[in-house]
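Okay, so here's the structure we're looking at.
The values are calculated or read from the model by the stated rules, or taken from the named source; none is laboratory data. Every value quoted in this text rests on a predicted model; they were computed, and no experiment measured them. FYI the Cβ positions are ideal-geometry reconstructions off the backbone, even for glycines, and counts take in every protein chain you see. Keep in mind that these areas ignore ligands, DNA and RNA; they rest on the heavy atoms of the full protein, side chains included. Shrake-Rupley method; radii C 1.70, N 1.55, O 1.52, S 1.80 Å.
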Amino acid sequence: MSRPDLSAGPFQLGDFTIEPARHLVTGPDGATLLEPKVMAVLVMLARSPGEVVARQELIESVWASEFSGDESLTRAISLLRKAFGDARDARRYIETIPKHGYRLAEVPVPRSVDPSQRPAGADGAATDTPRPPAGKWVAAVLAIGALLALTVLFVRPSVTEPPAAEGQFDPAPVVAVLPWRNRGDDDERVEDYVADGLADELLSSLTKSPDVSVIASSTTFRYRDFDGDFERLARELEVTHAVTGVVRRTPSGVSVSAELVEAPGGVVIWSDVVEAPAAEIFDIPFELSREILAGLGATKPSRDVALESSPDPLAYDAYLRATTLLRGGPPENLVRAIDYLEAAIERDPRFADALAQHALALLNLLLVRPENPLNGQDPPTRLIAIRESARRALALDPGHVLARLALATADYRERVAGSLETDRRYREILGAAPNHPAVTLRMAIMQHELGFIGDAVDLTARARSLDPLSLLPNGVHLEYLYTAGRTEGLRDAWEDLVARWSVEPFVYFRLLIFEWQDFPAARGWVERAAARHDPRYAQLLYRLIDGQEQGTSPEDREALVLEMRTGMAQGWLNVYDGAQLLGAVATAEEMFSFAAERIAAGDDFILSVLYKPTLQRMRRDRRVMQLFQRDGVLEYWLQSGRWPDFCAEPALPYNCRAEADRLADGTDLAVTGSSVPGG
């Protein structure tokens, strides 16, 4: 069964305005930001007004292969009813049809129609409605859009738009900008990084329209040798359109021939040839994006009046070199990109895009591995540099998405902002760019740190759909599925990931040994990983496998616990991985002792580890709430009224809210407590 397309345009539902692409429901009491899957349920109900949509149909269409079940749908319906205020008055927007499913009690109307003229309700006669506008999607890639500058010379063809069926909520365009081809004789060829960088900038400029979704360049640039099979492209990336281009050097500058192609049909619906002097090539992507968006019937981006000058040509050249390196590769690429960005900023201190990318690149290097020698600076110094570049970018462009993202994350890591403030800032950024893969993934990580694992799974699924051929969103999504306990079909998904990217992350080892108990495969993993680690690392894992397979004596278990703690203290076993291994063999007392030891030493005890399956013993001990209090997460739960997923576990022997209130009141917690469920 097909998955519902969330790209439906804005529509009215009774007193509420629904904006699917922004995940917003706005009513008399204000706006509510919905999770992607929750909005997907609402859109699917809206496409069958007055009709009952079966529970199983909703589950299969919205959650597909993401290993969810009835509880996820029940939760989604509950959140929708809360957004509509169904619990506050007699009027109900969503009706439950026992043993069947759900239906909307109101008929949705495109927002362009006067609500006073909308059709009768679900029990009335249906009326024809005009075609709504294209949906509101914002998507992006890690590169931010072209800086806006001087006028270029155009040959402007007429643009035609394919007709759409009447009375439907039409899907918004999903666009793949393919790598531009560098054609011509030697004296006509531009540098490859210029061709790639200009295509990247076009992609970024397209994302500034709220009406299109754009696949990330880290995915689309894998189609460098694209053979023209648009049917295959549409199938693999689930896109509706593709942009192709050819770049040539001219006597005065650069020429780009671009085409907008309908997928899967391969029909060219727009084409243009753009020429610009070499010193003004930064304007090509912006002007092309306006023509392409016109061909799609989408909102065109406007020039940013906050930008008082065009980027220096040499600064822009360094920036294009950096964007090429930022698409992936070894960590050294990230360091080289930072060097180019710093050169661009030195040449042009008012280059907002370069400043924002600099902040985000520094942040990515820090988050991947803070102790990485490539950092060249200690984490606190790096955080200061991140915040400085982000603030300078925001002074030039207050709405810059990546600068806002980098600053919010750095403030959180430096504890300048708490969990509640950071979550609010992330939600505002996500509201401005709901389909930006970097924003979506960062929001997912934040929700995971706060204990909302189901939300994190939904957000990583969205990030993966925007960047389907990149390792990071795919790997994080599968790890969060494991954290959420959704293991059906998970092994096949992990083995597909391992085969596709030739990587074997540590979480895969944990699954082999603890979830699937495939001890021969686990030994093979250790054998392959041994060359990359301290010899003690492999010896420890071999002993752990033997203990899980054959059983462990009390003495051997204590020795294993001691060795794990020693490895983390000495640095040859990182804390995030080691804590999860320790949780599988240590007692709760030993785990709390370990946590106290790390805290006393001034090290962060990574709280997100506490949500992992092997740390269940700690979660079921009320003292865990003290750890969450130390990091400010408990305060977030109390102030927001949102409680982590584990608080709903039936076997939890305490009430999360009651224990949090006791801690907030300064009451010490006992080790054992009541049998009141988590609530």
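Out of all the residues in segment 458-470, is one or more polar (S, T, N, Q), part of a helix (DSSP H, G or I) and either open to solvent by less than 10 Å² (accessible area, probe 1.4 Å) or in contact with a Leu (Cβ under 7 Å, 6 or more places away or on another chain) (or both)?
Taking segment 458-470 first, the residues polar (S, T, N, Q) are 460, 465, 470.
Within this subset, residues satisfying the condition of being part of a helix (DSSP H, G or I) are 460, 465.
Subsequent filtering for residues that are either open to solvent by less than 10 Å² (accessible area, probe 1.4 Å) or in contact with a Leu (Cβ under 7 Å, 6 or more places away or on another chain) (or both) retains 460.
Checking segment 458-470: at least one residue is polar (S, T, N, Q), part of a helix (DSSP H, G or I) and either open to solvent by less than 10 Å² (accessible area, probe 1.4 Å) or in contact with a Leu (Cβ under 7 Å, 6 or more places away or on another chain) (or both).
Residue-wise test of (1) at pLDDT below 80; (2) out of contact with any Leu (no Cβ under 6 Å at 6 or more places or on another chain); (3) not aromatic (Phe, Trp, Tyr).
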| residue | (1), (2), (3) |
| --- | --- |
| Trp137 | yes, yes, no |
| Ala146 | yes, yes, yes |
| Arg156 | yes, yes, yes |
| Pro162 | yes, yes, yes |
| Glu166 | yes, yes, yes |
| Gly197 | no, no, yes |
| Val214 | no, no, yes |
| Thr219 | no, no, yes |
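Which residues, taken from segment 523-559, are among the aliphatic types (A, V, I, L, M), more than 16 Å from Val585 (Cα to Cα) and open to solvent by less than 60 Å² (accessible area, probe 1.4 Å)?
At the first step, the residues of segment 523-559 found to be among the aliphatic types (A, V, I, L, M) are 526, 529-531, 538, 540-541, 544-545, 559.
Narrowing the set further to residues that are more than 16 Å from Val585 (Cα to Cα) leaves 526, 529-531, 538.
Across segment 523-559, the qualifying residues are Val526, Ala529, Ala530, Ala538.
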Those residues that are free of Cβ contacts under 8 Å to residues at least 24 places away in the same chain and among the hydroxyl-bearing types (Ser, Thr, Tyr), I need them from segment 227-281; list them, please.
Ser255, Ser257
Residues (part of a helix (DSSP H, G or I) and not small (Gly, Ala, Ser)) located in segment 447-457:
Gln447, His448, Glu449, Ile453, Asp455, Val457
Inside segment 471-495, can you point out the residues that are surrounded by fewer than 21 Cβ atoms within 10 Å (Cβ to Cβ), of a type in the set (Asp, Glu) and free of Cβ contacts under 8 Å to residues at least 60 places away in the same chain?
Asp492, Glu495
Count of residues meeting criterion [open to solvent by less than 10 Å² (accessible area, probe 1.4 Å) and assigned to a helix (DSSP H, G or I)] in segment 341-359:
9
Would you please name the residue that is nearest to Tyr482 (Cα to Cα), looking only at residues in segment 499-522 that are without any contact (Cβ under 8 Å) to a residue 12 or more places away in the chain and either loosely packed, with under 15 Cβ neighbours inside 10 Å or β-branched (Val, Ile, Thr) (or both)?
Asp518
Quick one: in segment 378-418, of everything that is closer than 17 Å to Ile445 by Cβ, assigned to a helix (DSSP H, G or I) and charged (D, E, K, R), which residue is least open to solvent (accessible area, probe 1.4 Å)?
Asp411
Within segment 21-40, track down each residue that is in contact with a Phe, Trp or Tyr (Cβ under 8 Å, 6 or more places away or on another chain) and either farther than 16 Å from Leu104 by Cα or in contact (Cβ under 8 Å) with a residue 60 or more places away in the chain (or both).
Ala21, Thr26, Gly27, Lys37
Filter segment 626-679 down to the residues that are modelled with pLDDT of 90 or more and of a type in the set (D, E, K, R), then identify the one that is surrounded by the fewest Cβ atoms within 10 Å (Cβ to Cβ).
Asp661
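Check Leu33, Leu45, Leu58 and return the single one that is among the hydrophobic types (A, V, I, L, M, F, W, C), modelled with pLDDT under 90 and either more than 19 Å from the chain's Cα centre (by Cα) or under 21 Å from Val239 (Cα atoms) (or both).
The unique qualifying residue is Leu58.
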Restricted to segment 234-250, and to residues that are out of contact with any helix residue (DSSP H, G or I) (no Cβ under 7 Å at 6 or more places or on another chain) and among the charged types (D, E, K, R), which residue is least open to solvent (accessible area, probe 1.4 Å)?
Glu236
For segment 218-233, how many residues are open to solvent by 10 Å² or more (accessible area, probe 1.4 Å), under 19 Å from the mean Cα position of the chain (by Cα) and within 25 Å of Gly297 (Cβ to Cβ)?
0
Answer residue from segment 251-265, given it is open to solvent by 30 Å² or more (accessible area, probe 1.4 Å) and in contact with an Asp or Glu (Cβ under 9 Å, 6 or more places away or on another chain) and is nearest to Thr219 (Cα to Cα) among those
Pro264
